[in-house]
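Here is the structure we will look at.
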Amino acid sequence: MGFYRCDVPAATCSAEPIVEWEETSCLLCGGGQWSLLLEAPDVTPGGAGLWFPVVQCHDCGLCFTNPRPTPESIGRFYPSDYAPYQTPPQRRKASRRPQFLARYRSRYRVARQQLQWHGQGRLLDFGCGGGSFLQRMHGQGWHVTGVDFSEPTVQRVREELGLQVFSGSLPHPALDPASFDVITMWQSLEHLHDPLTVLREARRLLAPGGRLIVAVPNIDSLPFRWFGHAWYSLDLPRHLIHFAPWTLQLMLQRAGFRVGPIHMVRHSHWLRGSARLACQQSAQAYHRCTKATGARRRRALALMVARRRPCYALQLRGRANRGWSTPLASVGAAYCSR
Ligand SMILES: [Zn+2]
């Protein structure tokens, strides 16, 4: 078990910055016993050839990337064109999503667009990226603040959108206790090396009665079982934790939150992304199996056909999970209170 590199030209390796790695105990219960769940590649151009293991804790069931890049070197795996870092105009220009898909809005998308007003309307978006959510909430009258790891992205959001955004993580010296009514974490908790510390600080930053909303990919979903290491939401090694609804609930409770209902959310874009990745990987498998012989070749062909059939069906239909419900949910969104 371990990360490894394959089929990468030497010239490519030497030009890349050095990456440091670390092993970690379970991020939820601290347990040191786990078993390998799967290994999957970094599918971004900069990560070509690297595969990473995802393990599952024997004690609490949490899945996490292990070993993983250290906090100091994880930045090497975030490409400059990483989609969440694009500011709203850039993202609109880069998006090829058909407009008609905007009709199929989930509760999660509605929550992101029309957050229910609470307290004095003081909102902190942790992992704000390019600031599209902050900008929308600002337009609705919220007093918005953002935090993100990426210094260049934070600078751009300040300059282009004129919003109050800080670089770094939580705890942050610029943020006072009990100074927010709502904190949101849209697809950011799974990127953290130490999620419990961040969640405990988020609780400290909330005013009494304040709310935390967390949305993360759901590894206990049918798309993950279908696509395995081609599941779009694995996003290794940027995703360090791979939550199921019960592990998300346990972690939020351990941080001191009262956890309300966890909503399961379908995500058509991720399903299509998974299908695309599976097809690309099947094409690589085909290339390999034409060089193999005998039983190995038959096995490779059977695997390739098994993978291609559902993927092509999804791609050709172009409607992904429209009309289906909970088992296909790629995202779990938890609504908590302090
Ligand atoms: Zn554990």
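Out of curiosity, is residue 12 of a type in the set (Ser, Thr, Tyr), over 16 Å from the mean Cα position of the chain (by Cα), at pLDDT below 80 and not assigned by TED's automatic domain parsing to the domain that holds residue 191? Full working, then the answer.
Numbers: of a type in the set (Ser, Thr, Tyr): yes; over 16 Å from the mean Cα position of the chain (by Cα): yes; at pLDDT below 80: yes; not assigned by TED's automatic domain parsing to the domain that holds residue 191: yes.
Answer is yes for this residue.
Apart from one condition, residue 196 fits all of (1) among the aliphatic types (A, V, I, L, M); (2) surrounded by fewer than 19 Cβ atoms within 10 Å (Cβ to Cβ); (3) touching an Asp or Glu at 6+ places or on another chain (Cβ under 9 Å); the exception is (3). Quick check on the stretch 74-91. Is at least one of its residues at pLDDT 80 or above, buried (at least 19 other Cβ atoms within 10 Å of the Cβ) and within 16 Å of the ligand (Cβ to nearest atom)? Among the residues of the stretch 74-91, not one is at pLDDT 80 or above, buried (at least 19 other Cβ atoms within 10 Å of the Cβ) and within 16 Å of the ligand (Cβ to nearest atom), which makes the answer no.
Checking the conditions here, which among 203, 156 is surrounded by 17 or more Cβ atoms within 10 Å (Cβ to Cβ), in contact (Cβ under 8 Å) with a residue 12 or more places away in the chain and out of contact with any strand residue (DSSP E or B) (no Cβ under 8 Å at 6 or more places or on another chain)?
Numbers: 203 fails: out of contact with any strand residue (DSSP E or B) (no Cβ under 8 Å at 6 or more places or on another chain).
Answer to the selection: 156.
Counted as qualifying within the stretch 124-216 are the helices (runs of 4 or more DSSP H) with 1 or more residues that are in contact with a Lys or Arg (Cβ under 8 Å, 6 or more places away or on another chain), namely 132-139, 195-205.
The values are calculated or read from the model by the stated rules, or taken from the named source; none is laboratory data. Since we're looking at a predicted model, the values are computed, not measured. Neighbour counts are summed over all protein chains in view; Cβ atoms, including those assigned to glycine, are modelled from backbone coordinates with ideal geometry.
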